1. Using a Gaussian network model on the chain with a 10 Å cutoff between Cα atoms, which of Gly62, Gly169, Gly47 fluctuates the most?
2. What is the spin-label model distance, in nm, from Val139 to Arg151 if the labels are put 7 Å beyond Cα along the C-beta direction?
3. Where the only charges are on Cβ atoms (+1 Lys, Arg; -1 Asp, Glu), what is the dipole of segment 123-190 about its Cα centre, to the nearest 20 debye?
4. Can you give me the angle between helix 233-246 and the longest principal axis of the chain, using Cα atoms only, in degrees from 0 to 90, rounded to the nearest 10?
5. Just the accessible area for Glu51, please: 1.4 Å probe, Å², rounded to the nearest 10?
6. Over the chain, give the accessible area per residue in Å² for a 1.4 Å probe, as an integer.
7. Against the longest alpha carbon principal axis of the chain, how many degrees, from 0 to 90 and to the nearest 10, is the axis of helix 31-44 turned?
8. Please arrange Lys198, Lys120, Lys163 by accessible surface area, largest first, computed with a 1.4 Å probe and ligands excluded.
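The values are calculated or read from the model by the stated rules, or taken from the named source; none is laboratory data. Computed from a prediction, not measured in an experiment: that's the story for all the values here. Every residue, glycine as well, gets a Cβ built from its backbone with ideal geometry; the counts of neighbours run over all protein chains shown. When the accessible area is computed, the model is the full protein with side chains, heavy atoms only, and any ligands, DNA or RNA have been set aside. Shrake-Rupley method; radii C 1.70, N 1.55, O 1.52, S 1.80 Å.
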Amino acid sequence: MNEAIRPGPEDPSQSAGLPQLSVIVPTFNERDNVTPLFRRLEAALTGLAFEVIFVDDNSPDGTWEVVRNLASGDCRVRCVRRIGRRGLSGACIEGILACSAPCAAVIDADLQHDEMQLPKMLALLQGGETDLVVGSRYVAGGSADSFNRQRAGASALATEVAKRVLRVGLADPMSGFFMIRRDRFERLAPQLSTQGFKILLDIVATARGELRTKEIPYTFASRLHGVSKLDSMVALDFLGLVLAKLTGDAVSLRFLLFAMVGSIGLLVHFAALYLALEAFDWPFPEAQGFGALSAMTSNFLLNNFLTYRDQRLKGLAILRGLLLFYLVCSVGLLANVGVAKSVFDQEPIWWLAGAAGALMGVVWNYAMSGLFVWRRR
Ligand code: GDD
Ligand code: MN
């Protein structure tokens, strides 16, 4: 548990080959922040052997081009360009797993975190008594004055939930600014969720008190350029993380969202069926078919917008996805009816058979649409 961290090279001229510290910077549309951040890191880490890994989700503003440019003149800079994926947590995980130093820090690109704290954080990890150092806004000396009231309230609420429900002992589990020993991280990585915004909370909740942790204060500054990517969906991701950790990863937010969307689909089905029968005077089979098609279409759109937001299909891919979704769901319907019938044959309780069939249908649709419709590209 207490193995020492490999010390940095004696001769700083070898520093490019053997970094003591890897700094991971997740970016999405941050082209104007990349160079100022790197200059600040250079200044803050003078005399230390470090590398900076930018993990960019193929930003439309071409952030990765700016990073590549920087990297072509400085071997301490690297760029991981991810295509077809979105998400802060996933980007941080990939960045840390790609790094070569024994210690990895995560810092935002927009200069809201305080890079001057990094040497202090590194010294704490290298002391061997600490596995994780968190930059905290909520310990004495730290602050988040740049928050507006709404954001401050949301942050306080989420912090309370994390502390009480997940029994996390940190003052600022919502921080996105931290440094961790890579060996510790590597052990936890397979259990971490790539969805969502709160990677630190995930790390701490997953480690269940096994990480020796210290918090040091810093002041959360205002964003320099560009806009925040935090939106109302982040709250959903947060709930999903809390839920997953509470149930020992048995229930994922994705599955719950998928089931919720399916329940809405049931309402859509009945509304469309009623409309077709009453308003259009259609015969029952056509009306029922119309109901099913409406429900599948609404399910597909809602799933694309909510459940698979991070892998959302766009443009023509939407049409292809919709057709595949129809296909998957029709097979799901057969599975549903088949299971319901066999349960009913054994035990003629209508609601039990109905529920068993519906559950089979949901699980089938969820598994297959994850594989074929929103499959990872
Ligand atoms: N690769 C990638 N993919 N990066 C992303 C994504 C994404 O989908 N979304 C956001 N980022 C990057 C941004 O470019 C930025 O560098 C950093 O993640 C934080 O995103 P912001 O949009 O600036 O979020 P914020 O300021 O509201 O929240 C941040 O600060 C909080 C306080 O420390 C986050 O780091 C929170 O986790 C943190 O709690
Ligand atoms: Mn920010």
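1. Comparing Gly62, Gly169, Gly47 in the GNM, the peak value goes to Gly47.
2. 2.3
3. Taking the Cα centre of segment 123-190 as origin, the dipole is about 220 debye.
4. The angle comes out near 90 degrees.
5. 10
6. 49
7. Tilt relative to the chain: about 40 degrees.
8. Lys120, Lys163, Lys198
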